[in-house]
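Taken together, the values in this text are just the output of simple stated rules run on the coordinates, not laboratory data. Given the structure is predicted, the values throughout are model-derived calculations rather than measurements. So basically every Cβ, Gly included, is an ideal-geometry build from the backbone, and we count neighbours across all protein chains shown.
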Amino acid sequence: MLIAAAGLLVGLAIAARFASRFRDAACGLVIVGAYAGIVVKEPGSAPVAVAAGPGALVVAALVVRSLTGRDRSGAATAAAAAA
């Protein structure tokens, strides 16, 4: 169980980096759906649920940030400014 949770955390780190760097909402939403599905499918495994549940929320927050078109300084990105 702990190995599965560790694998989920590694996947979360990769997904968070990807979503943050490329600001691709579709890929982020796929990860959110996958992690939410893991939480639903594995309710009896506490380490897996603890890793996947907050992981889905972290990536969802990154997706929301990418959809608002803001960078770290709070300024609009070039794509959002052009729209």
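Applying 1/(1 + (r/R0)^6) with r as the Cβ-Cβ distance of Ile3 and Cys27 and R0 = 25 angstrom yields a FRET efficiency of 0.50.
For the pair Ala61 and Phe18, label points projected 7 Å from Cα toward Cβ lie 2.1 nm apart. Shape analysis of region 19-68 places it in the prolate category; the axes a ≥ b ≥ c from the Cα gyration tensor give an a/c of at least 1.5, with a/b above b/c.
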